[in-house]
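Every number in this text was worked out from the coordinates using simple rules, so none of it is lab data. What you are looking at is a predicted structure, and each value in this text was computed from that prediction instead of being measured. Neighbour counts are summed over all protein chains in view; Cβ atoms, including those assigned to glycine, are modelled from backbone coordinates with ideal geometry.
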Amino acid sequence: MLKFILKRLIIIIPMALLVVTLTWGLIRIAPGNFYSGEKKLPPAIEANITKKYGLDKPWYVQYGKMMWNIVQLDFGDSLKYQGQSVNEIIWRHFPYSATIGLLAYMLALLIGLSAGIIAALKQNSLFDYGSMALAMLGLSIPNFVLGPILVLVFSLWLFWVPPARWGGISSLILPVITLAAIYAAYIARLTRAGMLEVLRSDYIRTARAKGLSEKTVLLKHALRGGIIPVVSFTGPALASLLAGTVVVEKVFAIPGLGKIFIESVFNRDEPLTLGIVAFLSILIMVFNLAVDISYGFLDPRIRYE
Amino acid sequence: MADEKDIVKGTSLWKDAWQRLLKNKLAVFGLIVMVIMVIAVTIGPPILRWATGLTPYDIPADADYIKAFPPSWQHPMGTDDAGRDLLARVLQGGRISLMVGVISTFVSLIVGVSYGATAGYLGGKIDNVMMRIVDIIYAIPYILIVIVLLFVFSGENTPNWIDAISSSFGGGAGLNQIFLLFFSLGLVSWLTMARVVRGQVLSLKNQEFVLAARATGVSTFNIIFKHLVPNTLGPVIVYATLTIPSVMLTEAFLSFLGIGVQAPYASWGSLASEGIKNIALFPWQLIFPGVTMALTLFSLNFLGDGLRDALDPQTRKF
């Protein structure tokens, strides 16, 4: 088990470097760079800048230097935010995204799991159909439509919560609900399907046959197997939380990492883009590893050698 | 000789699936909504033009200084900032949104199916390398890939063939951008399709019909594309139906960020994101395009779910 974890942890490093390399390649393929903006620089200044950032050197020298710095976890300074290092920017903005992201995922788990379990237990009931139709609706409303509609109703018409800005718990409510909707919907569908499959399996029949109470059968036996699809969904979910948070951060004016990431791509702020991509890809891979490890606890049939 | 009517008629896979689909009320609902939606966006704009004398891009003469009118009999969905009928804009936008969904899915289908089938059939090291490439592309935020593709190929760098296709529809920078979107979105949505097809091919490639084909000297290319690919059609159709709404969502997201469909063209996503700016004053500008889009995605998702249950009873979600 320990060997498995170590092996996977070590693989993350070359994988992340590969992702950074490909991202760098993608950025370099796109014509122009940070300095080829709307305002044309005087040739002398452009020459100086080109020299300062080593843009006059051949690409493999630039690439080598960049990778060498990245291996030492130094992503350099942002081009747009002069004098601020990429690491600084990431650590400043990540907590906002992490807060709404984690709260949203917890809310989604709470709603999705309970709705999914009840729907599976009362299959083909009104609750089953109702919650699954609601889940499908959650999957079908773009979050940049849902967010503003919630703002319209709860901020502009009812005056219950502030429409935007960061500060206080009340300002978190709408962004978290907006972000959670689609994940709650996915989780409800996955839980229902997983539970239905498990409830038909032999080991549940055995558990019932040996006289365990229905509560023990459900909570101790069925749930563990039934939520495996939800656990595997968590990896990709956290990955797509990035794209999700971009919208929510834009709609609710939250200074999170997603917004900074999109801006950095539009600004051609290469060090910042690469830093965020590296950070997120490592984060995603660590989460995927955690997911794989938790399978072993959930399903006794899965063992890692 | 048996009488014609005594012969038991076998049902084909497709007939069987069709009947199962018709039993699924929600899928039938989705199918009906989609048929209506397709008809509406096809014949709606010309009819509205005939009734009002305006294209979705024209600004009416009576729209004076207050240009955004709330919903009324004359404008069932109200008007946008410039006084244009929102119903006409939504129908016109629906053409582009649905086309983005279908064409991008088709692009992803071609790439994903050929990639997955090749990896699965060749197997071994080649398969391993090809699938690791898929894993790595998965790890790069797709939004970055789309933005780079749009950056690289927009303006002067538009490939000639995209230019050629778009000029046969009228041409111009706006149309070029739309065609570019079709291909860029297709090129980021093939990954899961490749995995699905590879899995199918892995389970098919050791069956007798493939061995027979190989024994009779059929080329590898023909085994993959003439023998294996047709047999993966069921899951491919199911997955493609579910790709359409997800591509449409991505397009809406890009339009929301301002890099999707550009004015004067519109999609549901770009209309909704224009509506967000005026949400406090003219909420109908967000609500109508948003609800139309949500209804369409809702129906497509139900249809996709129904197709999965119908075509692939084994993976049926009970």
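Apply the membrane-span-like helix rule to chain A: whole DSSP H runs, Cα extent along the own long axis of at least 27 Å, mean Kyte-Doolittle hydropathy at least -0.5. List the helices found. Please report the intermediate quantities before stating the final value.
Details: long enough: A:2-29 (41 Å, 1.85); A:86-121 (49 Å, 1.39); A:170-199 (41 Å, 1.39); A:228-251 (33 Å, 1.45); A:270-298 (41 Å, 1.75).
Span-like helices, by this rule, are A:2-29, A:86-121, A:170-199, A:228-251, A:270-298.
Looking only at other chains, what is the average number of their beta-carbon atoms within 10 angstrom of each beta-carbon in A:248-260? Working shown, then result.
On the way: counts 0, 0, 4, 3, 0, 0, 0, 0, 0, 0, 2, 0, 0.
Going residue by residue through A:248-260 and averaging, the value is 1.
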Inset, instruction - Select from A:V230, A:V20, A:V153 the residue whose mean-square fluctuation is largest in a Gaussian network model of chain A (Cα-Cα springs shorter than 10 Å). - result: A:V153
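Before rounding to the nearest 500, sum -39500 (n - 2.57) across all DSSP H runs of length at least 4 in chain A and divide by the residue total; then give [θ] at 222 nm in deg cm²/dmol.
When only DSSP H runs of four or more count, the value is -24000 deg cm²/dmol.
Using only atoms on other chains, find how many Cβ atoms lie within 10 Å of each Cβ of peptide B:297-303 and report the average.
Working: counts 6, 7, 2, 1, 6, 4, 0.
Per-residue shielding by partner chains comes out at 4.
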Legend entry - Dipole-positive endmost among A:S281, A:V198, A:P142 within the stretch A:89-298 (Cβ charges, Cα centre): A:V198
Legend entry - Charge dipole magnitude, Cβ of K and R +1, D and E -1 - chain A, Cα centre, debye nearest 20: 620
Inset, instruction - Specify the residue with the greatest mean-square fluctuation among A:D269, A:D202, A:D74, computed from a Gaussian network of chain A linking alpha-carbon atoms under 10 Å apart. - result: A:D202
Legend entry - Exercise: per-residue mean of other protein chain Cβ atoms within 10 Å, B:270-279: 3
Legend entry - In the stretch B:219-318, trypsin sites (Lys or Arg not before Pro) in a DSSP loop with at most 16 other beta-carbon atoms within 10 Å: B:R316, B:K317
